[in-house]
Amino acid sequence: MELKSHFISLKVVGWIDVFTCKEYACAMQNALRVWGQNGGPELQAYIILSNCVHIIARATPYKLVEYLQHFKQYTGREIIQLIHQNKDETRGEWLAHMLGYFGKYNEKNKHLQFWQCSDTCMELEEPEMIRRKIVYLHNLPVTQGIVSEPEHYAYSSASPLNGGVKAASSGTGNIPFYYKN
């Protein structure tokens with residue numbers, strides 16, 4: 001089966017601003033750094049915002065769904081554990097309550113739920129669609145007034161700290177990680 005690029009959005013339950021804490025954003029970024037290892041989908045671009053993560057990755061549709069399920073389970077458990085261990089987290093009790101609230105309404109969870117069940121996953125068929133989505137992702141912190149340039153946002157593949165202007169195969173030539181309008 002042919003590898004296809006996909007735009008994926010993972011959203012925290014209740015749109016809780018978890019990734020405003022550097023420790024949790026870094027944990028997510030570390031998970032994304034190993035995303036494509038061990039046969040996982042090829043990561044083309046990503047951005048971590050306060051309450052969601054947007055990803056562009058290449059894989060077969062079946063493999064992507066399977067991998068996303070494991071990725072969400074792993075990152076959800078990891079971040080929940082970090083929240084419990086973080087003595088400086090002033091919202092710890094509230095976060096545990098909110099994650100528990102959403103978890104009790106999901107029969108697949110025993111206690112806490114971190115990610116919303118509904119993900120956005122859209123196939124990107126043309127290289128121009130891939131390019132536009134990468135531009136969109138990397139410009140989100142600019143349009144939100146967080147930074148003045150996409151490469152200044154630390155939790156994004158646009159940042160030189162995270163690989164910046166690397167090229168990723170798109171199946172029809174190279175699609176750069178980072179596009180500037």
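The values are calculated or read from the model by the stated rules, or taken from the named source; none is laboratory data. Note that the structure is predicted; figures quoted are calculated from it, not measured. For neighbour counting, all protein chains shown are included, and Cβ atoms are generated from backbone atoms with ideal geometry for every residue, glycine included.
More than 22 Å from Asn38 (Cα to Cα) and among the small types (Gly, Ala, Ser): is that true of Gly92 in this structure?
On the way: more than 22 Å from Asn38 (Cα to Cα): yes; among the small types (Gly, Ala, Ser): yes.
Yes, satisfied.
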In the range 1-16, what residues are charged (D, E, K, R) and either modelled with pLDDT under 95 or surrounded by fewer than 18 Cβ atoms within 10 Å (Cβ to Cβ) (or both)?
-> Glu2, Lys4
Scan of the range 17-57 for residues that are buried (at least 22 other Cβ atoms within 10 Å of the Cβ), free of Cβ contacts under 8 Å to residues at least 60 places away in the same chain and β-branched (Val, Ile, Thr), ordered by number = Val53, Ile55
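Looking at the range 40-73 only, could you name the residues that are among the hydrophobic types (A, V, I, L, M, F, W, C) and not in a helix (DSSP H, G or I)? Before the answer, list the steps.
Applying the first criterion (among the hydrophobic types (A, V, I, L, M, F, W, C)) to the range 40-73 yields 43, 45, 47-49, 52-53, 55-57, 59, 64-65, 68, 71.
Scanning the range 40-73 gives Leu43, Ala45, Ile47, Ile48, Leu49, Cys52, Val53, Ile55, Ile56, Ala57, Ala59.
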Among the numbered conditions (1) in a loop (DSSP other than H, G, I, E, B); (2) at positive phi, tell me where Val18 comes up short.
-> (2)
Evaluate the following for Glu125: is it touching a residue at least 60 places away in the same chain (Cβ under 8 Å), out of contact with any Gly (no Cβ under 9 Å at 6 or more places or on another chain) and surrounded by fewer than 16 Cβ atoms within 10 Å (Cβ to Cβ)?
-> yes
So which residues in the range 81-101 are crowded, with 16+ Cβ neighbours inside 10 Å and farther than 19 Å from Cys26 by Cβ, if there are any at all?
-> Ala96, Met98, Leu99
Taking first residues from the range 1-13 that are in a loop (DSSP other than H, G, I, E, B) and second residues anywhere that are β-branched (Val, Ile, Thr), the pairs with Cβ under 8 Å that are 6 or more apart or on different chains are Met1/Thr60; Glu2/Thr60; Leu3/Thr60
